[in-house]
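Input: a single structure, listed below in structure tokens.
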Amino acid sequence: MLQSLDLPNEMRASDSMLSAGQPDGMQFRRAAEAGVQHVINLRPLQEQGEDESTLVEELGMRYHHLPIAGPQDLNPDTVRMLDGLLAEIGEAPTLFHCASGNRVGAMLALRAAWHQGMESEAALAYGRQTGLTKMEPMVREILDRTPPAA
């Protein structure tokens, strides 16, 4: 099981995945030392300061970027991309982040409903357990109007 890394708004998404807000350079180093193999960043380029991809790769982790700027990006296509990425990663230790963890929880809730067969309320509860906060009303609305993926 991936150990806690004491990251901003850190939550456990699974035994092998932590969700969090934006880590700093030292926290990425601790993640690499703890055995994290993958970093998934949901922050769009305009939100980023330092070159996170270079730092993550230099530390020996694999970097993945799936930019989610806001509710318009919470759609079946981006969730399908996330589902494929998580299927590829499997159980490898992973750090999944955005600025606060809210978008991580939103995407994981939608994936749980559309690709893992969870009922909407259970998917929302999982989203809250993985960082979903102020985007919950938007995620609820999306789940109410969009059928599960085929």
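With 10 Å bins from zero, work out the P(r) of the stretch 11-145 over every alpha carbon pair and list the percent per bin.
Going from the shortest bin to the longest, the percentages are 13, 47, 32, 8, 0.
For the stretch 65-150, what class follows from the C-alpha gyration tensor (a ≥ b ≥ c being the square roots of its eigenvalues): rounded when a/c is under 1.5, otherwise prolate if a/b is larger than b/c, else oblate?
Values: a/c = 1.39, a/b = 1.16, b/c = 1.19.
Judged from the Cα gyration tensor, the stretch 65-150 comes out rounded (a/c under 1.5).
Once you list every other residue whose beta carbon is under 11 Å from the beta carbon of Pro67, what net charge do they have if Lys and Arg are +1 and Asp and Glu are -1?
Values: positive: Arg43, Arg103; negative: Glu47, Asp73.
In short, 0.
Which order, highest average first, do 104-114, 13-23 follow once you tally other Cβ atoms within 10 Å for each residue and take the mean per peptide? If you can, show how the numbers build up before the last one.
Details: 104-114: 26.7, 13-23: 20.6.
Result, highest mean Cβ count within 10 Å first: 104-114, 13-23.
Taking 0.36 nm per residue of separation and subtracting the Cα-Cα distance, what length does fully extending Ala122 through Glu141 add?
Values: separation 19, 0.36 × 19 = 6.84 nm, distance 1.47 nm.
That pair, Ala122 and Glu141, stretches by 5.4 nm at full extension.
Scan around Ile68 for amide H atoms under 5 Å from its own, H built in the peptide plane at 1.01 Å from N, and keep only partners 5 or more places away or cross-chain.
It is Arg43, by chain and number.
According to a simple spin-label model (label point 7 Å from Cα along Cα-to-Cβ), what is the distance in nm between Thr54 and Ser14?
Result: 3.2 nm between the two label points.
Coordinate-derived values only; no laboratory data. Predicted, not measured: the structure shown is a model, and the values here were computed from it. Neighbour counts run over all protein chains shown; Cβ positions are idealised from the backbone, glycine included.
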